[in-house]
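Notes follow the structure.
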Amino acid sequence: MYKSLSQLKYLLAGLVFGVIFVKAEVISWFRIQEMFRLQSFHMYGVIGSAVLVGMLSVWLIKKFNIKTIQGETVTFQPKKFNRGQIYGGLIFGLGWAITGACPGPLFAQIGTGATVIVITLLSAIAGTWVYGKFREKLPH
Amino acid sequence: MDILNFVKQPWPWYVAGPLIGLTVPVLLLIGNKSFGISASLRHICAACVPAKIPFFQYNWKSESWNLLFVAGILLGGLIAGAWLSNPAAMTVHPALAKELAGYGITNYQSLVPAELFNWQALFTARGLLMMVGGGFLVGFGTRYAGGCTSGHAIMGLSTLQWPSLVATICFMIGGFVMANVFLPWILAL
């Protein structure tokens, strides 16, 4: 019981994150189009400053060995390179410019009342499933 | 209420970006979790339609935090949409507005263009390609790449992982090609 209650912190973190997404208009198809046409600095500013703050936070956590609230040492999962990051990255990029949303914003868009995006999300889940099904046959 | 009106304005990038970046240490410090969103789609597959596929045979319940996180994003969208939304129409770059007007897109009242993404449009070639086709590419591509904008561009770059830089550059190349080469053709359908 306590364990499931403590999981609610992730719901709360997501909620705050979702509000920021909407208020910064990063879930907007229009802002994504501006980004890919170099018509606005907004998205570059959002992603760039997010990365800088993330980098600084990770550096501080490592430098001062800051522990989690449970007292654990923070662990990082190294990402190994494979060609999937190139092929998959290009494919995702193509989709991103069509839907105007990466996976996170899809959930937020549905929340704002764009109910039809449920179909986009279901299709994204289907895409993930098809990848899983044919994973062995794809170049990595 | 002045504060509410202040919050209702679109937030500038230098407010939103750093707040989004703070998600990285928040998730690390509240539960040793690495920021990433597209993995939730894999967990949904593993939970609902594993179909004996090895890629979906793992204990998705131990990753349930990720599903709660995306449920939270949906709720956050609901709250921001219902109570904090900007009453004014979005302002976009004049060149974009001019281009989109050529495809009959003139409604800037909501963040998701009402003329492109609606239930009726789903039964048109353009709508089907954009919603079903686009969604499929997002789901397939992110899993193939091993992450999306959050897992690679934000978490991966924050931890200085070069494979994430490769992935992020490919996201951008794909996006530029689609928006400038193929999308005009799709929008004209």
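The values are calculated or read from the model by the stated rules, or taken from the named source; none is laboratory data. The model shown is predicted, which means the values in this text are computed figures rather than measured ones. Heads up, the Cβs are rebuilt from the backbone with ideal geometry, glycines too, and the neighbour counts pull from every protein chain shown. Quick note on the areas: whole protein, heavy atoms, side chains included, nothing else; ligands and nucleic acids left out. Shrake-Rupley method; radii C 1.70, N 1.55, O 1.52, S 1.80 Å.
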Open item on the list: I'd like the Kirkwood hydrodynamic radius of chain A, using the inverse of the mean 1/r over distinct C-alpha pairs, in Å.
Closed with: 18.0
Task: Candidate lysines - alpha carbon under 26 Å from residue B:8, same-chain residues fewer than 8 apart omitted - done: A:9, A:23
TODO: Take every Cα pair under 8 Å in the stretch B:57-189 that's 6+ residues apart, average their separations, divide by the length, and report that relative contact order as a whole percent.
DONE: 15
- [ ] Please work out whether chain B counts as rounded, prolate or oblate from its C-alpha gyration tensor, where a ≥ b ≥ c are the square roots of the eigenvalues and a/c under 1.5 means rounded, while otherwise a/b larger than b/c means prolate and anything else oblate?
- [x] oblate
- [ ] Per residue of B:150-158, count partner chain C-beta atoms within 10 Å of its C-beta, then hand back the mean as an integer.
- [x] 6
Task: Heavy-atom SASA rank of A:67, A:137, A:62 (probe 1.4 Å, accessible area, largest first) - done: A:137, A:62, A:67
Task: Accessible carbon and sulfur surface of the stretch A:96-140 relative to its total accessible area, %, 1.4 Å - done: 66
Task: Scattering profile of the protein assembly as shown at q = 0.11, 0.13, 0.14 Å⁻¹ [log10 I(q)/I(0), Debye over alpha-carbon scatterers] - done: -0.66, -0.94, -1.10
- [ ] Would you mind putting B:28-36, A:51-59, A:93-101, B:118-126 in packing order, based on average other-beta-carbon counts within 10 Å, highest first?
- [x] A:93-101, B:28-36, A:51-59, B:118-126
Task: Pairwise label distance in nanometres, residue B:95 with residue B:62, each label 7 Å out on the Cα-Cβ vector - done: 5.0
Open item on the list: Taking a ≥ b ≥ c as the square roots of the Cα gyration tensor eigenvalues, with a/c under 1.5 meaning rounded and otherwise prolate when a/b beats b/c, else oblate, which class fits the stretch B:1-78?
Closed with: prolate
Task: Proximal lysine pairs, the stretch A:33-140, alpha carbons under 28 Å, eight or more residues apart or interchain - done: 10
Task: 10 Å Cβ neighbours from other chains, averaged over peptide B:53-65 - done: 3
Task: Acute angle (nearest 10 degrees) that the helix A:8-23 long axis makes with the longest principal axis of chain A, alpha-carbon atoms - done: 50
Task: Dipole of chain A [Lys/Arg +1, Asp/Glu -1 at C-beta], most positive-end residue of A:36, A:8, A:57 - done: A:57
- [ ] For the A and B pair, go ahead and give the buried accessible area with a 1.4 Å probe, both sides summed, in Å² to 100.
- [x] 10000
Open item on the list: Let's see if you can work this out: charge +1 on each Lys and Arg Cβ, -1 on each Asp and Glu Cβ, no other charges. What is the dipole magnitude of chain A about its Cα centre, in debye to the nearest 20?
Closed with: 460
Task: Computed helical MRE - 222 nm, chain B, DSSP H runs ≥ 4 contributing -39500 (n - 2.57), nearest 500 - done: -15000 deg cm²/dmol
